[in-house]
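What follows is one structure encoded as structure tokens, with my remarks underneath.
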Amino acid sequence: MRRHPDLLAFSIVTVLITFPLLMGGDEFSVLTQYYDNGRSGVNPRETQLSTSNVNANQFGKLFSRTVDGQIYAQPLYVSNLSIPDKGVRNLVYVATMKNKVYAFDADDPSNSDPLWQKDLGSGVPWQDTGALAPDINGEIGITGTPVIDASTETIYLVAKTKDSNTYVQYLHALDIVTGAPRPYSPVVIEASVPGSGDSSIGGRVSFNPLKQLNRSGLLLLNGTLYIPFGAHADSDPYHGWILGYNAATLQQVAVFNVTPNGGRAGIWQAGAGLVADDRGYIYVMTGNGPFNYHIGGKDLGDSFVKLDSAKALSVVDWFTPYNQDYINERDLDLGSSRPLLLPGTDLMIGGGKEGTLYLLNAQNMGHFQTGSDSQIVQSFRATAGLIYGSPIYWNTPEYGPMIYLWPANDSLKAFRFVSGFIQTTPFAKSAKAIPIPLPGAILSLSADGNKAGSGILWAYHPFNASAHHSSVAGVLRAFDASNISKELWNSQQDVICDDPGKFAKFVPPIVANGKVYLATFSNQLVVYGLQKSSQRAPIFTSAVFSTTGLSNSLFTSEMTLGNRGSTNAALDFTYTAAFGGGSASSSVTLPAGQQIIPDAIAYLKSIGIPIPDSGNRGGTLAVRFTGLESCCEGAVAIRTTTPVPNGRVGSAYAAVPTTMALTETAYLCGLRQNFRDRSNVAIQNLGMPSDGDITLRLTIFSGEAEAPVEYALPDQKLSPGGFLQLSGILHSSGLSLTNGYVRIQRNGGTAPYYAY
């Protein structure tokens with residue numbers, strides 16, 4: 001560890017963080033990544049969520065918004081936005097890797113359709129980039145987090161596209177109210193600088209739209225938009241670039257290349273955006289690449305770099321670790337994380353894959369020194385793991401300034417910041433570590449200033465597998481920011497209700513006005529917040545009541561209703577007739593405990609469900625629980641016994657809870673068609689009435705490699721609760737298969753479905 005106490009870190013008090021603008025009223029807006037241009041990672045105006053109400057009884061998943069692709073860019077949020085013919089709304093903006101941009105109502109669970117969506121062209125298959133491994137799976141489209149200018153109501157973003165065999169990156173400026181392009185939008189991203197480095201021609205290095213990746217978030221500073229670029233898994237040739245554009249005209253006004261006479265040194269920072277202070281300086285950490293700046297060269301691999309935005313991104317200061325050669329040779333990017341400006345000081349911190357944290361004076365960064373880093377304020381090994389998740393700073397009411405870090409393969413740690421230095425022994429640790437290599441946890445913090453009991457540290461990380469080259473399950477956790485050994489809540493406590501889906505690599509959760517917005521790789525934005533017990537996300541169980549069975553026998557049914565909670569629950573039954581009779585709903589109260597109903601049909605008729613007395617009584621039954629603290633506390637089971645003469649109509653298919661609902665393409669295997677064995681398929685819309693209709697496409701495939709068959713059935717449209725059994729599916733198609741399977745695709749609507 002190296003310290004320089006003579007640098008009087010607090011002698012110059014400068015506010016280095018520009019907080020987001022408010023769009024009206026007192027509600028908070030998230031207009032840029034990590035909340036502000038200093039990338040503090042803190043929402044300091046969260047008044048609804050606290051350490052007393054973020055718990056398994058009061059907090060959980062409220063709803064989700066479905067999009068068409070994986071979400072690599074942090075969502076943005078605008079409060080109190082006036083929408084023509086719709087009034088004042090809070091909107092959340094989501095951009096996907098399929099180059100789609102969505103504007104959703106941020107609050108209303110039933111308003112699932114986007115207010116607008118924009119298609120910005122086809123993305124680029126990751127294989128086209130030349131990368132040897134899929135650090136990004138599937139298409140590459142909008143990767144870097146956009147930025148919003150509140151004063152002009154404009155969102156800026158970069159879309160990577162492929163048209164035939166042409167690769168182009170575009171800068172787009174869209175109206176946040178309508179999605180319409182602003183004047184001059186889009187513009188093709190192009191640039192070149194003098195240099196003899198990789199891919200140079202005639203003494204100039206040009207921007208390569210295929211090889212360069214906008215992974216880091218965009219920066220809007222003093223009317224200029226700054227876009228950083230790195231690469232795809234070190235697929236050469238590439239450079240680190242920052243391009244500046246006039247936000248009004250979209251004309252290019254500045255270009256910076258990290259290695260004009262070399263190569264690599266990308267700017268990716270695990271997705272974190274460029275950092276700026278209120279003096280107009282921009283700070284960046286670069287990745288692996290050559291370094292010769294200290295001997296008169298122009299290459300700045302593995303370095304902290306300070307740029308002057310008023311002078312076309314000229315370098316005004318820098319720091320490079322003494323062991324840069326070692327870092328570079330072993331792929332230990334310094335730039336695997338971002339700088340963090342410490343409020344009220346001239347200090348900043350940052351660390352990379354080597355696990356070392358550096359504390360620098362932003363007015364005298366230290367340049368390079370052979371043999372040690374003793375010329376800077378402080379450096380120490382903070383973890384044996386790798387730092388991807390950027391550090392977070394908060395001034396706790398009890399213990400003063402704290403720096404939070406959750407590296408890969410390590411525990412969450414909180415370091416106190418005292419008298420201008422970081423105490424190298426963690427003040428506190430989480431009880432759990434992440435026992436997987438990549439990428440650790442991505443952090444965000446919400447608080448009401450530094451009010452006691454308001455600070456919550458949010459951590460998003462893979463649940464049980466590495467996210468390096470795969471899309472894996474994720475978990476969201478909440479900790480008391482004043483005592484991180486105390487975990488308040490996590491999405492695994494009630495996994496049936498609160499599971500977020502697949503982890504979105506490097507994307508921080510954002511908190512705004514009592515809600516937490518979480519990007520996923522499950523093609524969904526998931527929204528968490530406070531909920532009254534009566535508003536807890538209900539269980540939805542569906543079952544099918546059939547006609548008479550073989551030889552006109554009827555089925556016997558027995559229904560069991562379970563309430564494992566400590567209070568009464570409300571049950572809503574909805575019966576939808578398929579062939580005859582009526583459709584109706586009825587509600588009952590279920591005390592804590594278990595109720596066994598020997599005759600389900602008779603019971604349902606007794607509470608007003610109009611199931612016919614005779615004839616074809618096919619239909620679906622939906623059972624919804626509310627008033628439970630957890631979805632795990634309610635259960636429905638409908639048991640079908642052996643058919644007997646004079647029996648009662650029963651359940652022909654098992655009940656299906658929403659935890660088994662499908663949203664993506666599904667496959668049913670083991671289809672057969674012969675004299676004794678014929679396969680049927682049943683499909684059902686599990687959505688609520690507000691979810692609307694869905695359309696499902698079924699395609700049959702044979703299992704014989706020698707004679708493959710592919711046959712598409714007509715699309716099937718189902719209303720909420722609607723059920724359809726495709727009797728003799730193979731027979732009706734004219735196919736005769738000894739084995740095969742069917743693919744079910746949702747090609748219309750957004751409601752979940754089930755197939756069996």
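The values are calculated or read from the model by the stated rules, or taken from the named source; none is laboratory data. Every value quoted in this text rests on a predicted model; they were computed, and no experiment measured them. Ideal geometry is used to build each Cβ from the backbone, glycine not excepted, and the neighbour counts take in all protein chains shown. What goes into the accessible areas is simple: the full protein's heavy atoms, side chains included, and nothing from ligands, DNA or RNA. Shrake-Rupley method; radii C 1.70, N 1.55, O 1.52, S 1.80 Å.
Some observations on this one:
- Think of each Lys and Arg Cβ as +1 and each Asp and Glu Cβ as -1; about the Cα centre, that makes the dipole of the range 29-114 roughly 200 debye.
- Glu633 accessible area, assembled protein chains, probe 1.4 Å, Å²: 40 Å²
- Here the Kirkwood formula puts the hydrodynamic radius of the range 81-133 at 13.2 Å, using every distinct Cα pair.
- Largest to smallest accessible area among His469, His239 [probe 1.4 Å]: His469, His239
- Diffusion constant of the range 104-242 at 4 °C, which comes from Stokes-Einstein with the Kirkwood Cα-pair radius and 1.567 mPa s, µm²/s: 79 µm²/s
- Taking all Cα pairs closer than 8 Å and separated by 6 or more residues, the relative contact order of the range 193-322 comes to 19 percent.
- Radius 13 Å from Cβ of Asn111, net charge of other residues (Lys, Arg +1; Asp, Glu -1): -2
- Length gained when the stretch Val315-Val188 is fully extended (0.36 nm per residue, less Cα-Cα span): 43.1 nm
- Taken one residue at a time, the phi angles of the range 422-428 give Karplus couplings (6.51, -1.76, 1.60, θ = phi - 60°) of 8, 5, 6, 8, x, 5, 7 Hz. Gly and Pro are set to x.
- Taking all protein chains together and rolling a 1.4 Å probe, His294 ends up with roughly 80 Å² accessible.
- Ala428 long-range amide H proximity, modeled H, under 5 Å: Ala414
- The fraction of accessible area contributed by carbon and sulfur in the range 185-261 is 48 percent, rounded to a whole number (1.4 Å probe; ligands and nucleic acids excluded).
- For His239, residues with placed amide H under 5 Å, excluding near neighbours: Arg264
- Exceeding the 29 Å Cα-Cα cut-off - candidates Lys61/Lys605; Lys98/Lys298; Lys306/Lys486; Lys451/Lys502; Lys162/Lys502: Lys61/Lys605; Lys98/Lys298; Lys306/Lys486; Lys451/Lys502
- Here the gap between Ala570 and Ser583, fully extended at 0.36 nm per residue and compared with their Cα-Cα distance, gives a gain of 2.7 nm.
- Look at the alpha carbon pairs under 8 Å that are at least 6 residues apart: their mean separation over the length of the range 99-255 gives a relative contact order of 17 percent.
- Table column - 3J(HN,Hα) (Hz), the range 377-386, Karplus curve with 6.51, -1.76, 1.60, x for Gly and Pro: 4, 6, 8, 7, 7, 8, 7, 7, x, 9
- The ellipsoid that matches the Cα gyration tensor of the range 305-421 has semi-axes, each √(5λ) in whole angstrom, of 22, 20, 13, with the longest given first.
- Net +/- balance of residues flanking Ala666 in space, Cβ distance below 10 Å, scoring K and R +1, D and E -1: +1
- Accessible surface of the range 371-510 [probe 1.4 Å, protein heavy atoms]: carbon and sulfur percent: 48 percent
- The range 428-485 - convex hull of alpha carbons, volume per residue in Å³: 77 Å³
- Accessible area per residue, Å², the range 78-223 with all protein chains present, probe 1.4 Å: 39 Å²
- When Rg and the Kirkwood Rh are both derived from Cα coordinates, the Rg/Rh ratio for the range 385-449 amounts to 0.98.
- Using a probe radius of 1.4 angstrom, the carbon and sulfur fraction of the accessible surface of the range 47-166 is 43%.
- In sequence order, calculated HN-Hα J values of the range 558-563 (Karplus, 6.51, -1.76, 1.60; Hz; x Gly/Pro): 9, 10, 10, 10, x, 10
- Annotation for the range 221-280 versus the range 337-401: alpha-carbon center distance of 22 Å.
- Extension gain (nm, one decimal) between Ile596 and Gln369, 0.36 nm per residue minus Cα-Cα: 73.9 nm
- Of Lys502, Lys717, Lys211, Lys432, the residue with the largest accessible area leads and the full order is Lys717, Lys432, Lys502, Lys211 (1.4 Å probe).
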